[in-house]
Amino acid sequence: MSKGLPKRSDDYSLWYNELVKKAGLAENSAVRGCMVIKPYGYAIWEKMQRQLDDMFKATGHENAYFPLFVPKSLFEAEEQNAEGFAKECAVVTHYRLQNDPDKPGKLRVDPNAKLEEELIVRPTSEAVIWNTYKGWIQSYRDLPILVNQWANVVRWEMRTRLFLRTAEFLWQEGHTAHATAGEAVAEAEQMLEVYATFAEQYIALPVVRGVKTPSERFAGALDTYCIEGLMQDGKALQAGTSHFLGQNFAKAFDVKFATKDGGLEHVWGTSWGVSTRLMGALVMAHSDDEGLVLPPKLAPIQVVIVPIYKGEEQLAQITEKVNQLKRELLAKGISVKYDDRDTERPGFKFAEWELKGVPVRIAIGARDLENGTAELARRDTKEKSSQAFDSLATYIPALLDEIQENIYNKALAYREAHTTKVDTYEEFKEVLETKGGFVLAHWDGTAETEERIKEETKATIRCIGLDTPEEDGVDILTGKPSKRRVYFAKAY
């Protein structure tokens, strides 16, 4: 099954694309720049979605749904936001097709069906949501509004890559409204921590929590908080963002509330989101040359059992034992697949489930039945062991926890080994070219220096770390004073 999968060391990009396709996660669609998420890939996204949704609701948020289309006049109301997304927008101009009189059997856009106002296919929903909030908010009693939406968005991309950058993608977007700036900032920081917790405890991806520089902020935000993960090729990936919007959108859409003391003020807002880009992070952070390596908490199938038998009688005996184990594991919330297909040999099945990243594989044959044992294989370390069959229902849950922790620790060790402090521009460029990863370097705080470094090295400031201590130094490029190191990296 894994034959034909390129090696990461030969061509990381090709390895990633081929793995996503061969493992059955997604494929390119007939629509340029868009993808089909296949059932196995969607099952992982569903587990992500379910866990995140529980975390959102535990912090007081409710789900709602808003229109896919945004009238152009609403979209351009917040100028920074409109300008920031203008080049990525898909625009609906007509509402009807008709038979083409010059080409029988073909259709054309009806020239008489032009919309009075163009509709933007949402690249993000701030405009339509804040226009809606104007009708929901009159008084301090209506605040806070804590709403999340699970949806799809369109950002027209010319160069696409499955999960990481597609014209249409799935995501969630939270949009909240508050009575004070302090409440809104606390909300943005809280949701960043929700994302970081999810990334580390479920994706098994250690992340840096930080704030974007002004030039990298979300269009229309006063501050953008982010989490940044490191992939196995030494490139960074932004895995989630949370924005403090100030009163920008409230002022653009005239969303005011009556205060307790009888005044009238604009509300304070946040927005925050993660997308199917997390699927790309999951693949790139952990997988190997044999296929996916899935953290047990997100694996659609946590345990696969493969019978090795000769004849129907042996299969029936094995199946009886397996069904008992399966019931016990399912009762503990562990997903199990019994692969008793008679169309494929065991070796083929082993390779297939290895490619798909199933955390634990159990093989059981006639000799195992006699000995009361089974062979276990871990996907993360490829270690095999013989275990007493009757103890598996107790052993496997603990093993899955161990695998989850091990996958995280391996990614953490990689990040620590590829986070480098530098003090000169020569060191900076050398580390980027030879080692990669995060580079901690002093920056003078100017957009000009940030842009020049980006142009000369292709590295960007990923974030100003929230836990990075103040430290006097000088900018690696200009020699100007600096109070803190920031995280640089080449990135997706």
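The values are calculated or read from the model by the stated rules, or taken from the named source; none is laboratory data. Only a predicted model underlies this, so the values are computations on that prediction, with no experimental measurement involved. Note: ideal-geometry Cβ built from the backbone for every residue, glycine included; neighbour counts use all protein chains shown. Keep in mind that these areas ignore ligands, DNA and RNA; they rest on the heavy atoms of the full protein, side chains included. Shrake-Rupley method; radii C 1.70, N 1.55, O 1.52, S 1.80 Å.
Cβ-Cβ under 9 Å, sequence separation 6+ or interchain: first residue in segment 75-90 and under 20 Å from A167 (Cβ atoms), partner hydroxyl-bearing (S, T, Y). Which pairs?
So the pair list comes out as N81/T124; F85/T124.
Identify all residues within segment 47-58 that are in contact (Cβ under 8 Å) with a residue 24 or more places away in the chain and open to solvent by 40 Å² or more (accessible area, probe 1.4 Å); write none if there are none.
K47, Q49, Q51
Please find, among N81, N63, N28, the residue that is at pLDDT below 95 and surrounded by 12 or more Cβ atoms within 10 Å (Cβ to Cβ). Let's see the steps before the verdict.
Values: N63 fails: at pLDDT below 95; N28 fails: at pLDDT below 95.
That would be N81, the only listed residue that is at pLDDT below 95 and surrounded by 12 or more Cβ atoms within 10 Å (Cβ to Cβ).
Residues D467, D401, D423: which one is loosely packed, with under 15 Cβ neighbours inside 10 Å, touching a residue at least 12 places away in the same chain (Cβ under 8 Å), under 30 Å from K326 (Cα atoms) and out of contact with any helix residue (DSSP H, G or I) (no Cβ under 9 Å at 6 or more places or on another chain)?
Being loosely packed, with under 15 Cβ neighbours inside 10 Å, touching a residue at least 12 places away in the same chain (Cβ under 8 Å), under 30 Å from K326 (Cα atoms) and out of contact with any helix residue (DSSP H, G or I) (no Cβ under 9 Å at 6 or more places or on another chain) holds for just one of D467, D401, D423, which is D401.
Which one of these does A90 not meet: (1) open to solvent by less than 80 Å² (accessible area, probe 1.4 Å); (2) more than 24 Å from the chain's Cα centre (by Cα); (3) farther than 30 Å from A258 by Cβ?
Unmet for A90, out of (1) open to solvent by less than 80 Å² (accessible area, probe 1.4 Å); (2) more than 24 Å from the chain's Cα centre (by Cα); (3) farther than 30 Å from A258 by Cβ: (2).
When you go through (1) at pLDDT 95 or above; (2) open to solvent by less than 10 Å² (accessible area, probe 1.4 Å) one by one for G220, which number turns out not to apply?
(1)
Are there any pairs with C-beta distances below 9 angstrom linking a residue in segment 223-240 that is more than 11 Å from L282 (Cα to Cα) to a residue that is at pLDDT below 95 and among the basic types (K, R), with the two at least 6 apart or on different chains, and if so which?
Here the result reads none, with nothing in segment 223-240 linked to a residue that is at pLDDT below 95 and among the basic types (K, R).
Looking at (1) without any contact (Cβ under 8 Å) to a residue 40 or more places away in the chain; (2) among the acidic types (D, E); (3) surrounded by 18 or more Cβ atoms within 10 Å (Cβ to Cβ), which is the one condition that is false for D102?
So D102 meets the others, but not (3).
Considering Y414, Y408, which residue is of a type in the set (F, W, Y), surrounded by 14 or more Cβ atoms within 10 Å (Cβ to Cβ) and touching a helix residue (DSSP H, G or I) at 6+ places or on another chain (Cβ under 8 Å)?
Y408
Of all the strands (runs of 3 or more DSSP E) wholly in segment 376-478, which have at least 1 residues that are touching a Ser or Thr at 6+ places or on another chain (Cβ under 9 Å) and at pLDDT 95 or above?
Of the strands (runs of 3 or more DSSP E) lying wholly inside segment 376-478, those with at least 1 residues that are touching a Ser or Thr at 6+ places or on another chain (Cβ under 9 Å) and at pLDDT 95 or above span 384-388, 438-442, 460-465.
Could we say that E451 is at negative phi and in contact with a helix residue (DSSP H, G or I) (Cβ under 9 Å, 6 or more places away or on another chain) here?
For E451, the condition - at negative phi and in contact with a helix residue (DSSP H, G or I) (Cβ under 9 Å, 6 or more places away or on another chain) - is met.
Just the residues that are within 24 Å of A411 (Cα to Cα), open to solvent by less than 10 Å² (accessible area, probe 1.4 Å) and not in a helix (DSSP H, G or I), please, taken from segment 172-207.
Across segment 172-207, the qualifying residues are I203, A204, L205, P206, V207.
Would you mind listing the helices (runs of 4 or more DSSP H) fully within segment 224-331 where at least 2 residues are buried (at least 19 other Cβ atoms within 10 Å of the Cβ) and within 30 Å of the chain's Cα centre (by Cα)?
248-252, 277-286
How about segment 332-365: which of its residues are open to solvent by less than 40 Å² (accessible area, probe 1.4 Å) and small (G, A, S)?
Matches in segment 332-365: S335, A351, G357, A363, G365.
So which residues in segment 146-171 are surrounded by fewer than 20 Cβ atoms within 10 Å (Cβ to Cβ) and closer than 19 Å to F249 by Cα?
L146, Q149
Residue check: is E157 charged (D, E, K, R) and part of a strand (DSSP E or B)?
No; evaluated as a whole, the condition is false for this residue.
Within segment 343-361, identify whether any single residue is free of Cβ contacts under 8 Å to residues at least 12 places away in the same chain and among the hydroxyl-bearing types (S, T, Y), and answer yes or no. Break it down into steps so the answer makes sense when it comes.
The initial filter retains those residues of segment 343-361 that are free of Cβ contacts under 8 Å to residues at least 12 places away in the same chain, namely 343-345, 347.
Add one more test, that the residue is among the hydroxyl-bearing types (S, T, Y), and what stays is 343.
Yes: one or more hits.
Please return the ranges of strands (runs of 3 or more DSSP E) entirely within segment 18-87 where 3 or more residues are of a type outside the set (F, W, Y).
In segment 18-87, the matching strands (runs of 3 or more DSSP E) lie at 26-28, 35-37.
Tell me yes or no: at least one residue of segment 116-127 is among the charged types (D, E, K, R) and closer than 30 Å to E183 by Cβ.
Of all residues in segment 116-127, those among the charged types (D, E, K, R) come to 116-118, 122, 126.
Among the residues that remain, those that are also closer than 30 Å to E183 by Cβ are: 122, 126.
Yes - at least one qualifying residue is present in segment 116-127.
Tell me which residues, restricted to segment 366-388, are open to solvent by 10 Å² or more (accessible area, probe 1.4 Å) and within 15 Å of Q317 (Cα to Cα).
Listed by number, the residues that qualify are A366, R367, D368, L369, E370, N371, G372, T373.
For segment 353-370, give me the residue count where each residue is over 22 Å from S287 (Cβ atoms) and charged (D, E, K, R).
The qualifying residues number 3.
From the set of residues in segment 1-25 that are surrounded by 16 or more Cβ atoms within 10 Å (Cβ to Cβ) and among the aliphatic types (A, V, I, L, M), which is farthest from Y492 (Cα to Cα)?
Among them, the one singled out is M1.
Answer yes or no as to whether S13 is among the hydroxyl-bearing types (S, T, Y) and over 22 Å from the mean Cα position of the chain (by Cα). Steps first, answer last, please.
Values: among the hydroxyl-bearing types (S, T, Y): yes; over 22 Å from the mean Cα position of the chain (by Cα): no.
Judged against the criteria, S13 is not a match.
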